[in-house]
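Just below is one structure, and these are the notes that go with it.
The values are calculated or read from the model by the stated rules, or taken from the named source; none is laboratory data. Bear in mind the structure is a predicted one, so any value in this text is a computation, not a measurement. Glycine also receives a Cβ, built like all others from the backbone with ideal geometry; neighbour counts cover every protein chain displayed. Ligands, DNA and RNA are stripped out before the accessible areas are found, and what is left, the full protein with its side chains, is counted by its heavy atoms. Shrake-Rupley method; radii C 1.70, N 1.55, O 1.52, S 1.80 Å.
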Amino acid sequence: MTSTTHSPVHAISVFIVGTGYVGLTSAACLAQLGHTVTAIDIDKAKVEALRAGRVSIVETGLDRLVSDGLDNNRLNFTTDYETIGGADIVLLCLPTPHSSGGGLDLSFIAEAVRRMRSRLSPGTVVVTKSTVPVGTHRLITEWLDRDDVSVASNPEFLREGTAVADFLGPDRVVIGAHDPRAAALVARLYAGIDAPRHTTDTTSAELIKYAANTFLAAKLSFINEMARLCDHIGADIDDVVACLGSDHRIGPDFLSPGPGWGGSCFPKDTRALAHLAATTGVELPVTAGVYDSNQRQLDYVTAEISRLCDRPLAGARIAVWGLAFKAGTNDTRDSPAVEVLHRLLALGASVHTYDPASEAGSGGATAADDPYSACRNADLLVVLTEWPEFADADLEKVADLLTHPAVYDTRSIIDQVAATKAGLTLHRIGRHQAASATA
Ligand code: UGA
């Protein structure tokens, strides 16, 4: 593995396939870095909207970069593969949904490769950017069947909501390639970015992405397990987290307990890595347990809601604050909030939700226009997403609206003193009631 410092910008012609949050963010940021970028999507309406500068994804700073790129002609959108022959680099940013056999469905990638195959110019480098199963580069090489085109991996580590900042200020740039010329060309994409580069073989680059996401998810599963244990033995998770996080080998990030982790990446990636281990016959018990542990957290939170509600869940009215899988996004895919809500509905509760970025109710829950309407006559308020506006809520108003003045705050964002002052009983994960009362 080698590391190099950044070199001056040399503009490259880049073709990006897919305009989801990875593809569109990469397109807009690479245009911002001085490259000429064409982004292709099969969705005509989406391409028309993007040509007009309309961005449907909630991503800080993305609208401005898209409009800058359109204005200075460094960013174009198309539905047509004809012009791909002019590309030095093709970045694949396509979805790989779950397939029925436990693996991932590569049909979007296969179709894109089929379309570009005869159109690519000699010397082009085809790069996987969005997460693909380990070994996908070998399949793409086979599908391309071109000796004069290289295949490389350049995994992204973008978080939803902060994708632009993550792209332009990454912790590292990982480039996996067997061909040194391809690796050097991909490195030129990031010439304007000051971050360590790691050049590896292609399989390692593909694995690094899964290892990073599974490690982070494992950290969260572990801290959620500690929070459950704290509840049981009367210890305080805040103290445990503070002392764990101050060990520089552990670090303070990604240690906030919650209702479980979710989103479009962690659940899919942790399961894909466990599947890879199973299919290769390598036993990885830690990896295999990461996803299951998270399911236990969702079960636990549901059971706690049932315990804390002063009447049986069947027939109870539960107010839920938060639907998004984390604050700062309107994405509810594989959201722990939605998972818990579905479990409550299945147990016969009526659920009334409020989320600042997501208007839709889910699976029979009703959606309120503001956090207070959701609380009216509810038997319990449950906080499932850590939106800052929940921390600033008028708790006296909340206490007046609830039938029974109790809150289960799974994200630990409600202030204990303010809650007590408002007459609310505040329950949090990993904080024994006695500890809460003396806070
Ligand atoms: C994640 C990774 O963080 C990115 O590096 C990666 O590029 C991306 O997946 C991907 O594979 O594309 P993201 O899905 O946007 O990014 O979400 P995170 O910010 O990592 O949060 C994941 C989940 O963990 C959320 O449900 C969040 O609420 C939860 N979480 C996070 C906690 O419960 N506690 C924490 O302390 C941190």
Tell me, please, whether a residue that is farther than 28 Å from LEU273 by Cα, out of contact with any helix residue (DSSP H, G or I) (no Cβ under 6 Å at 6 or more places or on another chain) and crowded, with 21+ Cβ neighbours inside 10 Å can be found in region 53-60. no
For region 23-48, which positions are free of Cβ contacts under 8 Å to residues at least 60 places away in the same chain and either open to solvent by 20 Å² or more (accessible area, probe 1.4 Å) or touching a His at 6+ places or on another chain (Cβ under 9 Å) (or both)? THR36, THR38, ASP41, ILE42, ASP43, LYS44, ALA45, LYS46, GLU48
Hey, could you check region 250-264 for residues that are out of contact with any helix residue (DSSP H, G or I) (no Cβ under 6 Å at 6 or more places or on another chain) and within 9 Å of the ligand (Cβ to nearest atom) and say which is farthest from GLN295 (Cα to Cα)? ASP253
Selection count, region 260-289, where residues are closer than 22 Å to ILE429 by Cα and touching a Phe, Trp or Tyr at 6+ places or on another chain (Cβ under 9 Å): 6
Residue list for region 425-439, filter: at pLDDT 95 or above, surrounded by fewer than 22 Cβ atoms within 10 Å (Cβ to Cβ) and assigned to a loop (DSSP other than H, G, I, E, B): none
Any idea how many residues of region 320-344 are more than 9 Å from the ligand (Cβ to nearest atom), out of contact with any helix residue (DSSP H, G or I) (no Cβ under 6 Å at 6 or more places or on another chain) and open to solvent by 10 Å² or more (accessible area, probe 1.4 Å)? 4
Taking ASP247 as meeting all but one of (1) part of a loop (DSSP other than H, G, I, E, B); (2) within 8 Å of the ligand (Cβ to nearest atom); (3) open to solvent by less than 50 Å² (accessible area, probe 1.4 Å), write down the number of the exception. (2)
Any pair with Cβ under 7 angstrom, 6 or more apart, that starts in region 182-198 at a residue that is at negative phi and ends at one that is in a helix (DSSP H, G or I): LEU189/LEU30; ILE193/LEU168; ARG197/ALA187
Inside region 345-388, can you point out the residues that are within 25 Å of the chain's Cα centre (by Cα), crowded, with 21+ Cβ neighbours inside 10 Å and part of a helix (DSSP H, G or I)? PRO371
Quick one: which of ALA212, ALA288 is more than 12 Å from the ligand (Cβ to nearest atom), in a helix (DSSP H, G or I) and of a type in the set (A, V, I, L, M)? ALA288
ILE305 passes all but one of the listed conditions (1) part of a loop (DSSP other than H, G, I, E, B); (2) buried (at least 17 other Cβ atoms within 10 Å of the Cβ); the exception is number (1)
Could you give every pair whose Cβ atoms fall below 8 Å, whose first residue belongs to region 276-301 and is over 15 Å from GLU225 (Cα atoms) and surrounded by fewer than 13 Cβ atoms within 10 Å (Cβ to Cβ), and whose second residue is modelled with pLDDT under 95 and of a type outside the set (A, V, I, L, M, F, W, C), counting only separations of at least 6 or pairs across chains? THR279/GLY103
Selection within region 154-189 - under 23 Å from the mean Cα position of the chain (by Cα) and under 15 Å from HIS35 (Cβ atoms): ASN154, PHE167, LEU168, VAL173
May I ask you to verify whether ALA218 is within 16 Å of the ligand (Cβ to nearest atom) and of a type outside the set (D, E, K, R)? yes
